[in-house]
Structures are given as structure tokens and as C-alpha cells.
1. Could you tell me whether residue 210 is surrounded by 21 or more Cβ atoms within 10 Å (Cβ to Cβ), among the charged types (D, E, K, R) and either closer than 19 Å to residue 313 by Cα or in the same structural domain as residue 291 (by TED's automatic domain parsing) (or both)?
2. Regarding residue 179, is this residue closer than 23 Å to residue 116 by Cα, over 20 Å from the mean Cα position of the chain (by Cα) and β-branched (Val, Ile, Thr)?
3. Identify all residues within region 397-440 that are part of a loop (DSSP other than H, G, I, E, B) and either polar (S, T, N, Q) or in contact (Cβ under 8 Å) with a residue 12 or more places away in the chain (or both); write none if there are none.
4. Would you mind telling me which numbered condition in (1) surrounded by fewer than 18 Cβ atoms within 10 Å (Cβ to Cβ); (2) polar (S, T, N, Q); (3) at pLDDT 95 or above residue 440 fails?
5. Just one of (1) outside any helix (DSSP H, G or I); (2) free of Cβ contacts under 8 Å to residues at least 12 places away in the same chain trips up residue 359, so point out which.
6. Which residue, of 294, 383, is of a type in the set (A, V, I, L, M) and assigned by TED's automatic domain parsing to the domain that holds residue 152?
7. Looking at region 105-112, is at least one residue touching a Leu at 6+ places or on another chain (Cβ under 7 Å) and either surrounded by fewer than 20 Cβ atoms within 10 Å (Cβ to Cβ) or not hydrophobic (A, V, I, L, M, F, W, C) (or both)?
8. Mind listing just one residue for me: the one in region 149-181 that is within 26 Å of residue 259 (Cβ to Cβ), in a loop (DSSP other than H, G, I, E, B) and of a type in the set (A, V, I, L, M, F, W, C) and, of those, modelled with the highest pLDDT?
Amino acid sequence: MQINLSNHTKIKVKAINDQLHLTLSEMMTGNIPKKTFKKLIKKRIRISEKNIQIIKNAEDLIIKIENETNLPVKNVLIKELSIILSEYLPLTLKNKITNRKLIHITKDSGIPLMGSIYFGIIDRGTNLIQVRPLTGCLLNCPFCSVDEGKLSKTRLTDYLITVPYLVEETRKLIAYKGISDIEIHIDGQSEPTLYPHLPELIAEFKKDSRINVISIQTNGLPLNYKYIKKLEQIGLTRINLSINSLNPKKAQYLAGTSSYDIDHIKQIAKQIVSSSIDLLISPLWIPGINDEDIEEIISFTNNLKIESDFPILGIQNYLKYKFGRKISHVKMVNMKRFQEKLREWEEKFETHPLFLSKTDFGIHPAKSYPKPFRKGEKIEVEIVSLGRLPSKHENKQEMLGSAKNRVIQIMNSTAKIKNRVNVKITKTKDNIFYAREIYN
């Protein structure tokens, strides 16, 4: 019997030697030793290893079984082989973009989707719900607030969530809010368009009549005309496109990579404008670095003749964050100075408004999920995953705990996955929980 597993799963083969080098869902890679795979097949299906051949045909994974008379029917065999891979591969998964260890979060993973700043669902008490399906970025911006990208020195782990789990948990929050003007904003410590299931995710949200806006934040680099048309067809409402300079060299410097092509991004902006998707161009003003560039971006935006129900330009202020990258010689400006600069640009370019508020996007207060913990509370959690951050202390790193359907980020932890530990909650804002271990 011969089975093409790639026809029944999303697994593709990069190479087969002593190891099976596999790609899953375009974003994930994983390995399994060839001998181990054969032994697992032998144990689960009770067939001889010598009768199992594992073959690569183009990118397809072929399992060939010969000289066995008591094989299960083909559908059962496909299911059993898929289970073997699904149980083993999570141990070796990596993010194809960043090459970091990747945690695949499913409903059965035991990892809640609320409580972490890294992934899942964030509710800040409005009708806008942030949805973060993955982590990892292909840029290395020198100002990145979360130190993302291939060159990150502080991000150890990446995450990717399945669509059914993410949609199910988001719908629970929408039902709790009890309103019908929800905006789903897909963002994160990532480039969201790298999410391999993005069209499927948007299509699922589009089915929900309580959601009237679906928006996404992107640097635009992975987009092309075909993908924009696909996003248009499935009902994406708005793209927030980051552009920080129109000068090719400076744009590459601010993206942290020579692969950043501002001409491509300008074409992407024009293609979005010609679609039914609204466009918001969102540059970051870095004082003393891209002042003139911001003015060029304002002119570029005005010349696009964008028609939108939303603001078309959202200039952001450069801020420095504890765990982010910083441009050492750049000083932050306070909110008063930032507003003054925006007013200057408004007058100079007759572009209004540049100083935006939540109400410009129809965002208003809405009921939040209750917080199951309070700051200072001592609780027991189960360790369910590695965190993202390292520690200055030997044999410690951030770990993620679970309790009462919330993720708790535990800094400087010595715990291992499946351990139960006592922690003290240190932060609870927006149902995002931080804690420290309590040692006896």
C-alpha cells in the first residue's frame, strides 16, 4: 500500500536523509529521525520496520508499506500516520522565518488565548478586539518596541495558533461584550501577513454579523497584487500600512534589512487604494531621523486620493520600551510636543486630522471580561509553555503558566513544563497577567 500523506495533511518534505525535514503550513518546519518514525509506525500499527519505505516525491511525503497482510484500511492508516507526526513534530517545530522554536497552539494544547501580550486575544475594554495569531517578523527595525525579527537578541520562542481555536475564543468574548459593532484588529509581535491561515481567519470572522470591521497591521512586504485581491474578496475592511521613509536607503535602514523595497511598498499602497479595502498609512516619526521623510509620506498619501470612512494617515510617536530596541542617539518627545508637530503638518499640508483619537475609528468603551486575579494575589499555576524572554540569571527564563483560563507570564522562572508552581501576580492590566515565582 502506498500513501501520499501530503495529500491528506499540510506536510511537505524538504529533504530525507537520516532525518525527515518537513514543512508544515508554510510557516513551520520540523524534523523527525527516519528510524524513530519507522519505530513509531511499527509500535502503533504493528508492522515490521523492514517493510516500511519513506519516500520524497517532489515535496510530497510518501509512505510505502509492502509484504504486510493485516493492514488497517487506508483511511485508518492515514489517520494513524497523521497522529504519529502530530504527536512527535511539536517537539521539534521551528519558525521558518526566524528559526526560533515554535509552539503550535491548538484547543488541546492547554494554553489559554487570553492573558499574554504575545499571542491570542487582547481586550482593552472597547469594541476593538486585538487578535494575535502568531509571532515573528521578517524585518529588524532598529526601533522595534518588542525586539522582533531574525536578529532579535531577546526573543527565544514563537507561537502560532490554529484558526478554529482562535475564532472560537474570540466569539466567546464578543458574546460577553453583547454588542454588534466589533472591530477585529489583527496585529501582534509579528508581521500578521506571514500567518499562513490569514485568509481563512478573516473569512471566519466575516461570517459573524456582530463584527463590522476587520483590520490588519502590516509592513506590506509579503503582500502582492494577487494576495490583496484575495483579501478584498473575503472581506478585509482596512489595511494599516507602515511606511517610515520613501528614500530607498533610509527605508532599508529603518526596516533593518536590505530586502526592504520601498518601490514595492508604494505599489502595494496604490493597489490597495484601487481595491475596496480601506488604507491607512501609519508612519513612525523618529525625531531627527525621518522628519523630512514624514513630510514626503504626507504628500505621497495625499496624492493617492484615498477615499475612506476612516482616517488615511496615522502618524505615530517614537517611544522607547524596556524590552524593545532603541536608537541610542534619538530622544523621545512628550505628547505635547508630538501634538504640536502634528498641528504644524496639518497646517502645512492642509491635511486634517493628523492627531487622531479612538473615536475617529468608531472605537468606544465596551464591557471587558472580568479579571480572575488581582495584583498581589498568590495563586497556583500549571506551566504550559516556554515564554519568549531570557533571564540574566543562570538556568532561568520566562515561562507561561495557566490558571482559570488565563495565561500568566512568569519572569525568571526555574519551572519546567507540566510543573505546578506558586506565583504572585504583579500586573493585571487589560487581562494581561505577569507574575513572579514564590519559593518555599
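1. Numbers: surrounded by 21 or more Cβ atoms within 10 Å (Cβ to Cβ): no; among the charged types (D, E, K, R): yes; either closer than 19 Å to residue 313 by Cα or in the same structural domain as residue 291 (by TED's automatic domain parsing) (or both): yes.
In short, no.
2. Working: closer than 23 Å to residue 116 by Cα: no; over 20 Å from the mean Cα position of the chain (by Cα): yes; β-branched (Val, Ile, Thr): yes.
Criteria not met by residue 179.
3. 404, 405, 414, 415, 416, 417, 418, 419, 428, 432, 438, 440
4. Residue 440 satisfies every listed condition except (3).
5. Going through (1) outside any helix (DSSP H, G or I); (2) free of Cβ contacts under 8 Å to residues at least 12 places away in the same chain one by one, residue 359 breaks only (1).
6. Numbers: 383 fails: assigned by TED's automatic domain parsing to the domain that holds residue 152.
Being of a type in the set (A, V, I, L, M) and assigned by TED's automatic domain parsing to the domain that holds residue 152 holds for just one of 294, 383, which is 294.
7. Scanning region 105-112, I find no residue that is touching a Leu at 6+ places or on another chain (Cβ under 7 Å) and either surrounded by fewer than 20 Cβ atoms within 10 Å (Cβ to Cβ) or not hydrophobic (A, V, I, L, M, F, W, C) (or both), so the answer is no.
8. Our first condition is that a residue be within 26 Å of residue 259 (Cβ to Cβ); within region 149-181, this holds for 149-160.
Going one step further and asking which of them are in a loop (DSSP other than H, G, I, E, B), we end up with 149-156.
Now restrict to residues that are of a type in the set (A, V, I, L, M, F, W, C): 151, 156.
On the way: 151: 92, 156: 95.
Once the filter is applied, the top-ranked residue is 156.
The values are calculated or read from the model by the stated rules, or taken from the named source; none is laboratory data. The shown structure was predicted, so the numbers you read here are calculated from the model rather than taken from an experiment. Cβ atoms come from the backbone with ideal geometry, glycine included; neighbour counts cover every protein chain shown.
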